[in-house]
Amino acid sequence: MSPPFRVIPPTGRNEGAAGLPVDAPGSPPGETRISLRDLTKVFRLREGDFVAVDGFSLDIRDGEFLSIVGPSGCGKSTVLRILAGLERHTSGRVEIEVSDSGAPQLNMVFQEASALPWMTVADNVAYGLRRRRMPAGEVEEKVSYWLNAMALTRFRNAYPHQLSGGMKQRVSIARAFANDPDILLMDEPFAALDALTKILLQNELLALWETTRKTVVYVTHSLEEALTLSDRVVVMAARPGTVKSVLDIPFERPRDSVALKADPRYSALYAQIWSQLQEEVMKPQVRDAH
Ligand SMILES: Nc1ncnc2c1ncn2[C@@H]1O[C@H](COP(=O)(O)OP(=O)(O)O)[C@@H](O)[C@H]1O
Ligand SMILES: [Mg+2]
């Protein structure tokens, strides 16, 4: 029988406090889907070791939308890449609950559109499904559904180079959602888009998440995005990257991204997160890096 948790082992080159019980800030009362304890990532550089992430502990609840914000270079992508299995942590504990739904466990959406250039839009969206040997009829059903949801139906036979940046990013999102993973990892997925497309896609994502309730870990440097989308926001401290605070975002759902901004709680939370971020951005070691 397979264990209920997949434990990703560290590379173990750094003698951190791996495996020791840690009081994770903001541990939620609900069911934990992902548990990170005292996570450390050390990059070995020619100039010496660089500690990118240090003592990062967090529990992520099943079905929650969790955002991570923090200054540039604080380790947000590194944490996400470790969760995705694209990077190995140096020490600490990473546990991801395995479901028996048969669905893929994780899917990542990157900042840069990651559509495969030699495949049509439809084939890109179908890619993961075909790899899972889903019957052709079912693949077509899902592909049509997600192309329609992402307003890409007219472009199903186009190739990525024929699309705008926003459309390419919608292909990546359609592919991730069509694949129906239990956990979606999104690394600044809308950062490279123009303001209008960004708002439209945020609204799409909001509506999608409100119907699917997947576990989403969403990295962004936009406080607005974090407040609009999330159940909780993690503010990261920089150099080395760790959890500075975890805030609950109490707005009722379904949310309307425009109406939300008129809520007095919105500006209070915005100010609170901003002042915390400002402390980090103003750290001398962070300012020096820019
Ligand atoms: N493969 C790597 N080799 C060396 N240093 C890295 C590597 N990846 C990231 N870093 C460094 O680790 C720190 C955190 O990077 P990253 O997680 O990308 O930050 P963020 O996503 O918060 O902007 C940065 O200082 C970055 O330069
Ligand atoms: Mg990043």
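The values are calculated or read from the model by the stated rules, or taken from the named source; none is laboratory data. The model shown is predicted, which means the values in this text are computed figures rather than measured ones. Cβ placement follows ideal geometry from the backbone for every residue including glycine, while neighbour counts extend to all protein chains displayed.
Structure values in brief
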| quantity | calculated |
| --- | --- |
| Filter result for the condition that a residue is of a type in the set (D, E), over 21 Å from T215 (Cα atoms) and away from ligand 2 (no atom under 16 Å from the Cβ), over D100, D62, D54 | D54 |
| Strands (runs of 3 or more DSSP E) (entirely within the range 180-262) containing at least 3 residues that are closer than 25 Å to E112 by Cβ and within 16 Å of ligand 1 (Cβ to nearest atom) | 183-187, 215-219, 232-237 |
| For M134: the one exception among (1) aliphatic (A, V, I, L, M); (2) more than 16 Å from ligand 1 (Cβ to nearest atom); (3) within 18 Å of P10 (Cα to Cα) | (3) |
| Selected residue [β-branched (V, I, T), surrounded by fewer than 19 Cβ atoms within 10 Å (Cβ to Cβ) and within 16 Å of ligand 1 (Cβ to nearest atom)] from V51, V109 | V51 |
| Single residue of V121, V79 found to be hydrophobic (A, V, I, L, M, F, W, C), buried (at least 19 other Cβ atoms within 10 Å of the Cβ), within 15 Å of ligand 1 (Cβ to nearest atom) and modelled with pLDDT of 95 or more | V79 |
| Number of the condition not met by Q169 [criteria: (1) buried (at least 18 other Cβ atoms within 10 Å of the Cβ); (2) modelled with pLDDT of 90 or more] | (2) |
| L86 being within 16 Å of ligand 2 (Cβ to nearest atom), of a type in the set (A, V, I, L, M, F, W, C) and within 21 Å of the chain's Cα centre (by Cα) | yes |
| Qualifying residue in the range 277-286 (condition: at pLDDT 95 or above, crowded, with 19+ Cβ neighbours inside 10 Å and touching a strand residue (DSSP E or B) at 6+ places or on another chain (Cβ under 9 Å)) | no |
